[in-house]
Amino acid sequence: MSVLPIVQWPDARLKAMCDPVGGEDMRALAADMLETIYAAPGRGLAGPQVGVLRRIFVMDAGWKEGTPTPRICLDPVIQPLGDAVATLEEGCLSIPDRPVQVTRPARVRLTYRDLDGAAQSVELEGAEAAIAQHEADHLDGKLIID
Ligand code: NI
């Protein structure tokens, strides 16, 4: 495993619409991406942030507090659950030292495929919901400063 260089704004790759992963093996990339967020340190990282314009992100909302919850999400889809919204301060490893208050749906369903190709679906709230939405936005070229 290795720590990957993180693409910095305003690199044009951060504005790209990413392609599906499909059946491609993402194990090595995913392991490197998780190592990269632990080194950064951060809580989430999406493909274009390491120069890979594919629909993959990794996140771990709790590791800094000693409760690691790593997720590796391929071809993720996010659906809001209910009308409640939440505003949290978000940072982005591609836009250092520029935290932004972002309002998003407070609860979401995250559907994705794992590294084995198995369909997964989880309900997220709090920081996990915000991180998943932030990372999914990256796959559509959308940043917190947009
Ligand atoms: Ni980001």
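FYI, it's all coordinate maths here, none of it is from the lab. Values in this document were obtained by computation on a predicted structure and should not be read as measured data. Quick reminder, even Gly has a Cβ in these numbers, built from the backbone with ideal geometry, and neighbours come from all protein chains shown.
For residues in region 96-134 being touching a helix residue (DSSP H, G or I) at 6+ places or on another chain (Cβ under 8 Å) and closer than 25 Å to Ala40 by Cα, which is farthest from the ligand (Cβ to nearest atom)?
Of everything passing the filter in region 96-134, Leu115 is farthest from the ligand (Cβ to nearest atom).
Restricting to region 2-58, name every residue that is within 15 Å of the ligand (Cβ to nearest atom) and free of Cβ contacts under 8 Å to residues at least 12 places away in the same chain.
Pro10
I'd like to check something: does region 85-95 contain any residue that is surrounded by 13 or more Cβ atoms within 10 Å (Cβ to Cβ), away from the ligand (no atom under 14 Å from the Cβ) and in contact (Cβ under 8 Å) with a residue 12 or more places away in the chain?
Yes, region 85-95 contains a residue that is surrounded by 13 or more Cβ atoms within 10 Å (Cβ to Cβ), away from the ligand (no atom under 14 Å from the Cβ) and in contact (Cβ under 8 Å) with a residue 12 or more places away in the chain.
Would you pick out the residues in region 111-129 that are among the acidic types (Asp, Glu) and crowded, with 21+ Cβ neighbours inside 10 Å?
Answer for region 111-129, where residues must be among the acidic types (Asp, Glu) and crowded, with 21+ Cβ neighbours inside 10 Å: just Glu128.
Filter region 38-62 down to the residues that are over 10 Å from the mean Cα position of the chain (by Cα) and either polar (S, T, N, Q) or under 17 Å from Pro99 (Cβ atoms) (or both) and list them by number.
Passing the criteria: Ala40, Pro41, Gly42, Ala61.
Check Ala132 against each of (1) part of a strand (DSSP E or B); (2) surrounded by 14 or more Cβ atoms within 10 Å (Cβ to Cβ); (3) on the phi < 0 side of the Ramachandran plot and name the one condition it does not meet.
Only one criterion in (1) part of a strand (DSSP E or B); (2) surrounded by 14 or more Cβ atoms within 10 Å (Cβ to Cβ); (3) on the phi < 0 side of the Ramachandran plot is unmet by Ala132, namely (1).
Mind listing just one residue for me: the one in region 135-146 that is surrounded by fewer than 16 Cβ atoms within 10 Å (Cβ to Cβ) and in contact (Cβ under 8 Å) with a residue 24 or more places away in the chain and, of those, farthest from the ligand (Cβ to nearest atom)?
Asp140
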